Amino acid sequence: QIDNYNVSQFKNYGLKEELLRAVKEAGFEHPTRVQAESLTHALLGEQLICQAKAGTGKTAVFVLTVLNTINTESNKVECLVITHTRELAQQARDEFLRLGKFMKSVKVECFYGGGEPVSVNIQTIETVKPQIIVGTPGRLKDLICERKALKVDRLKYFILDEADTMIEDLNMRKDIQDIFLKSPQEKQFMAFSATFTESSRTSLKRFIADNKHIYEITIKPEQLFLDKLKQYYMKMPEALKFHYLRQILNTCKLNQCIIFVKSSEKADALVTELKKKGEESVRQLYGGNRLGPDHQKMRQKTYEQFRNGHFRLLVATNLMGRGIDIDKVNYVINFDMPDSLETYLHRVGRAGRQETNGVAISFVKSEEETSDGKKQTDDEVLQQILKQYPDKLQQLPQDLSTLDK
Ligand code: ADP
Ligand code: MG
């Protein structure tokens with residue numbers, strides 16, 4: 001099933017001429033299904049809780065909505081987009097810039113922890129006077145609630161991307177609530193993700209006044225599966241993972257590949273091992289400050305270089321598991337199994353964006369253990385995936401060259 005609504009045209013949504021030009025230049029021929037389903041409602045100012053599978057263009061739903069309806073003459077902050085990682089914040093900012101390219105007076109800024117110092121953010125706010133701000137919860141809370149440098153009393157849009165993961169993280173949730181309380185009651189609330197649990201939905205609805213209609217887009221679990229993504233698993237002892245990884249790297253046609261591991265320590269170890277074997281085009285990416293005082297700068301650089309195709313293998317933690325859209329990534333390898341079905345769906349969605357072909361391979365550790373805070377063993381997670389999606393995941397074949405056929 002193709003997600004493009006061929007019957008639908010961007011020009012039927014009453015979008016500004018400048019936006020239609022930018023949409024065309026971005027190469028969007030038709031709205032995707034989620035865009036076709038939600039744009040009309042979003043453009044009318046409705047409250048939106050929007051679920052659609054990975055890589056199907058949720059970002060453009062809020063970017064086009066905001067750009068079409070925002071007051072570009074204003075020098076007040078009208079739109080706040082909150083994301084769980086700085087990489088995702090930058091990506092959303094870039095989509096505003098790309099689709100807002102022909103709208104001269106739109107000003108978008110991006111604020112997050114570990115990037116520019118707060119003082120620089122404050123200066124930017126005062127001099128640039130952006131109407132749209134994209135950022136991560138902690139830094140935004142600091143700017144809005146603590147330093148009171150960012151005024152949100154004229155806010156018209158309150159947008160949460162990857163909303164479920166932020167609402168399930170108690171710290172982020174608290175920050176978001178504090179920010180929310182500073183904003184006016186009358187505004188448009190929009191939340192996006194590929195996955196929502198019942199409880200995250202309920203929590204999100206508390207942000208919306210009782211008398212307001214909520215337009216909800218939900219998808220059935222079976223529809224969350226990316227049909228063009230080939231998915232494989234293989235049970236093996238921990239000690240054999242590296243051997244199989246190298247076989248895959250040597251045999252398969254990887255453009256770019258994200259290799260997910262469970263910890264930053266493990267990411268470092270794996271990169272070292274790969275380099276020892278002569279694999280040069282590999283780097284690691286994770287949060288924290290393990291790499292010293294310049295960790296955040298290096299993280300940013302690594303991310304940008306990977307985006308720009310400077311190296312082919314990225315060994316990353318869950319930090320890169322959601323939202324990130326890099327079209328050259330055609331392989332995802334779960335070197336360590338994720339700890340839930342949701343995390344699995346998000347991670348493998350990094351390959352096969354826009355429903356293109358991709359391959360995801362998961363290593364399922366055969367030893368039984370639920371240490372390091374994991375709730376389920378690898379095999380339990382695998383069984384959960386197989387139960388939800390029977391016949392979709394196959395055992396990794398002996399002949400790895402068949403993966404690219
Ligand atoms: P999601 O947030 O749903 O995972 P994204 O918003 O990151 O997906 O979009 C995935 C990719 O699809 C991006 O590269 C985006 O530019 C592209 N895209 C979005 N809408 C369209 C469209 N209508 N036609 C073609 N490509 C699109
Ligand atoms: Mg997204």
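If only Cα atoms are counted, what is the Rg of region 91-238, and what is its Dmax, in Å?
18.2, 57
Using amide H atoms built 1.01 Å from N in the peptide plane, name the residues 5+ places from ASN334, or on other chains, whose amide H lies under 5 Å from its own.
Those lying under 5 Å, H to H, from ASN334 are PHE260, ILE361, SER362, PHE363.
Identify all aspartates and glutamates with a Cα-Cα distance to LYS405 below 16 Å; exclude those on the same chain that are fewer than 8 residues away in sequence.
Within the straight-line cut-off, LYS405 pairs with ASP227.
For the chain, what is the calculated [θ] at 222 nm in deg cm²/dmol (nearest 500), taking -39500 (n - 2.57) for each run of four or more DSSP H residues and dividing by its residue count?
Details: 14 runs with 145 residues, N = 405.
Result for the chain, helices only: -10500 deg cm²/dmol.
Wrap a convex hull around the Cα atoms of region 195-349, take a quarter of its surface area, and give that in square nanometres. Kindly include the intermediate steps, with their values, before the conclusion.
Details: hull surface 47.3 nm².
Quarter of the Cα hull surface area: 11.8 nm².
In 10 Å bins starting at 0, how do the alpha-carbon pair distances of the chain split up by percent?
4, 22, 32, 26, 13, 3, 0
Between LYS275 and ARG290, 0.36 nm times their residue separation minus their Cα-Cα distance comes to what? Present the calculation step by step, with values, prior to reporting the outcome.
Working: separation 15, 0.36 × 15 = 5.40 nm, distance 1.93 nm.
Roughly 3.5 nm would be gained on extension.
Within the P(r) computed for region 138-187, what percentage of the Cα pairs occupies the region above 13 Å?
Working: 696 of 1225 pairs.
Summing the P(r) tail past 13 Å for region 138-187 gives 57 percent.
How big is region 1-110 by the Kirkwood estimate over distinct Cα pairs, in Å? Each step should come with its number before you reach the end.
Values: mean 1/r = 0.0691 Å⁻¹.
Evaluated over region 1-110, this radius sits at 14.5 Å.
Once R0 is set to 45 Å, what does the formula 1/(1 + (r/R0)^6) return for the Cβ-Cβ distance between VAL118 and SER401, expressed as a FRET efficiency to the nearest 0.05? All intermediate terms of the calculation are to be shown ahead of the outcome.
Values: r = 52 Å, r/R0 = 1.16.
Computed FRET efficiency for VAL118 and SER401: 0.30.
So if I take the centroid of the Cα atoms in region 220-274 and the same for region 291-355, what is the distance between those two points in Å?
11 Å
List the relative contact order of region 306-372 as a percent without decimals, with contacts defined as Cα pairs under 8 Å and 6+ residues apart. Provide the component values of the computation, followed by the final result.
Working: 71 pairs, mean separation 22.7, N = 67.
Once divided by the residue count of region 306-372, the mean separation gives 34 percent.
Considering amide H positions built from the backbone, and no H for Pro or chain starts, which residues 5 or more places from GLN231, or on another chain, come under 5 Å of its amide H?
ALA360, GLN394
Skipping prolines and chain starts, which residues have an amide H placed within reach, meaning under 5 Å, of the one on CYS50, given they are 5 or more residues away or on another chain?
ALA191, PHE192, SER193, ILE217
With a Cα-only, solvent-free Debye model of region 216-257, what are the log10 I(q)/I(0) values at q = 0.15, 0.25 Å⁻¹?
-0.61, -0.97
Over the chain, what is the relative contact order in whole percent, taking alpha-carbon pairs under 8 Å and six or more residues apart?
Numbers: 724 pairs, mean separation 71.4, N = 405.
Relative contact order of the chain: 18 percent.
Which whole-angstrom value gives the distance between the alpha carbon centres of region 164-218 and region 27-76?
17 Å
State the extension gain, in nm to one decimal, for the chain segment bounded by THR40 and ARG206, taking 0.36 nm per residue of separation less the distance between their alpha-carbons. Mind showing how you got there, number by number?
Values: separation 166, 0.36 × 166 = 59.76 nm, distance 2.35 nm.
Extra length available between THR40 and ARG206 comes to 57.4 nm.
Normalised by the number of residues in region 1-129, what is the relative contact order in percent for Cα pairs under 8 Å and 6+ residues apart? Don't skip to the end; give the middle numbers.
On the way: 110 pairs, mean separation 33.7, N = 129.
RCO, region 1-129: 26 percent.
Taken together, the values in this text are just the output of simple stated rules run on the coordinates, not laboratory data. None of these values were measured; they are calculated from a predicted model. Quick reminder, even Gly has a Cβ in these numbers, built from the backbone with ideal geometry, and neighbours come from all protein chains shown.
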